[in-house]
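Note sheet for the following structure.
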Amino acid sequence: MFSFCTKSNSNDKKLARVFDEYLYESDIKDIILSGINKKDSSIFVAAYIDNWIRQQLIFKQADNNLTKELKNFDKQLKEYENSLVIYTYEKELIKQKLDTIVSDKEITSYYEANSSNFELKDNIVNVIYVKLTINSASISKVRTLYKSDNPSDKKELTILCQKYAVNSSLEEDTWFYFSDLLKEIPIQTYNQEEYLNNHKYIEMQDSLYSYFVKINGFKIKESTSPLSMEKDNIRNIIVNKRKIKLIEEMHKDTYTKGQINKDFEKY
């Protein structure tokens, strides 16, 4: 960060000079952070001045040692400016015209057509689980309810969890990476696939909590990830494809319009 300062009013305090370039107090007033104490402010200003001096010295050395041709950046600056203008226009076009609504039907169709792209990198489980304090009065009731598929039992379990659970997940269409579940439930296993194949209901406790887990299903890594786990990802993919298509069509239409209007010629 540095600036070239050649003029200032007579009341402006000089802070540093490198050859015929000066750094004035007014040049740094807008970069001093508000709310910092006087000592920290002084340290910041001193560091800024030192950095400005170093940058000016290096610039002067570079300026003296480069030819005029090597210092001509007009072409690069013009190309950069053009790129910024185009990028800003494309961003505004996307903001105004991109359709970001993706239906469930579109998501399902994309998933079915590209299911081979959704390979699991880790084991996942479809579970409900409840975590209670070890002395909770609801333990015996939860022990009965969490195994049940009866709608009224599920409703009662939900009410109990809202009142007593330290943590719980009762949504039956929710999938978790098994490794994430292990962070919440202290399951010990050296072979996840074997463990999942042999356990449907899990009850355990440690010195603080009691845990209840019902495994409704699981998928092993390298198998196809379920649609419910990929919905957000697919939605982003579809929107991104629309974005690319919108920009490509704008480029194509602009070129075609230029041809029709004879806005350009090739020599």
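The values are calculated or read from the model by the stated rules, or taken from the named source; none is laboratory data. Note that this is a predicted model, so its numbers are computed, not measured. Please note: Cβ atoms are built from the backbone with ideal geometry, for glycine as well, and neighbour counts cover all protein chains shown.
From the set of residues in segment 8-45 that are exposed (fewer than 11 other Cβ atoms within 10 Å of the Cβ) and among the acidic types (Asp, Glu), which is nearest to the chain's Cα centre (by Cα)? Residue satisfying both the conditions and the ranking: 30.
Considering each residue of segment 103-116 in turn, none proves to be part of a strand (DSSP E or B), surrounded by 14 or more Cβ atoms within 10 Å (Cβ to Cβ), of a type in the set (Val, Ile, Thr) and in contact with a helix residue (DSSP H, G or I) (Cβ under 9 Å, 6 or more places away or on another chain). Could you pull out the residue among 166, 102, 130 that is among the hydrophobic types (A, V, I, L, M, F, W, C), in the same structural domain as residue 241 (by TED's automatic domain parsing) and farther than 25 Å from residue 222 by Cβ? It is 102.
Of the numbered criteria (1) within 29 Å of residue 234 (Cβ to Cβ); (2) among the small types (Gly, Ala, Ser); (3) exposed (fewer than 15 other Cβ atoms within 10 Å of the Cβ), the one residue 152 fails is (1). In this entry, residue 127 passes the filter for residues that are touching a strand residue (DSSP E or B) at 6+ places or on another chain (Cβ under 8 Å), of a type outside the set (Lys, Arg), in contact (Cβ under 8 Å) with a residue 24 or more places away in the chain and within 29 Å of residue 170 (Cα to Cα). Out of the residues in segment 167-185 that are under 14 Å from residue 131 (Cβ atoms) and hydroxyl-bearing (Ser, Thr, Tyr), which is nearest to the chain's Cα centre (by Cα)? For segment 167-185, the residue satisfying everything is 169. Among the residues making up segment 51-72, those that are loosely packed, with under 11 Cβ neighbours inside 10 Å and out of contact with any helix residue (DSSP H, G or I) (no Cβ under 9 Å at 6 or more places or on another chain) are 61, 63, 64, 65, 67, 68, 69, 70.
For residue 99, indicate whether it is in contact (Cβ under 8 Å) with a residue 24 or more places away in the chain and either within 20 Å of residue 187 (Cα to Cα) or of a type in the set (Lys, Arg) (or both). For residue 99, the condition - in contact (Cβ under 8 Å) with a residue 24 or more places away in the chain and either within 20 Å of residue 187 (Cα to Cα) or of a type in the set (Lys, Arg) (or both) - is not met. For residue 48, the stated conditions do not hold, so it cannot be described as outside the structural domain of residue 26 (by TED's automatic domain parsing), assigned to a helix (DSSP H, G or I) and either among the hydroxyl-bearing types (Ser, Thr, Tyr) or exposed (fewer than 12 other Cβ atoms within 10 Å of the Cβ) (or both).
Could you say which residue among 140, 169, 179 is in contact with a strand residue (DSSP E or B) (Cβ under 6 Å, 6 or more places away or on another chain) and surrounded by fewer than 19 Cβ atoms within 10 Å (Cβ to Cβ)? It is 169. In segment 176-202, the residues that are at negative phi and part of a helix (DSSP H, G or I) reach residues that are among the polar types (S, T, N, Q) and surrounded by 15 or more Cβ atoms within 10 Å (Cβ to Cβ) with C-beta atoms within less than 6 angstrom, at least six apart or across chains, in these pairs: 178/123; 178/192; 192/123. Filtered by the rule that a residue be free of Cβ contacts under 8 Å to residues at least 12 places away in the same chain and either more than 17 Å from the chain's Cα centre (by Cα) or part of a loop (DSSP other than H, G, I, E, B) (or both), segment 224-249 gives 241, 244, 245, 248, 249.
Condition check for residue 224 on (1) surrounded by fewer than 17 Cβ atoms within 10 Å (Cβ to Cβ); (2) under 18 Å from residue 129 (Cβ atoms); (3) in contact with a helix residue (DSSP H, G or I) (Cβ under 7 Å, 6 or more places away or on another chain); (4) of a type outside the set (Lys, Arg): one failure, at (2).
When you look at residue 25, is it of a type in the set (D, E, K, R) and over 30 Å from residue 242 (Cα atoms), yes or no? Yes; evaluated as a whole, the condition is true for this residue.
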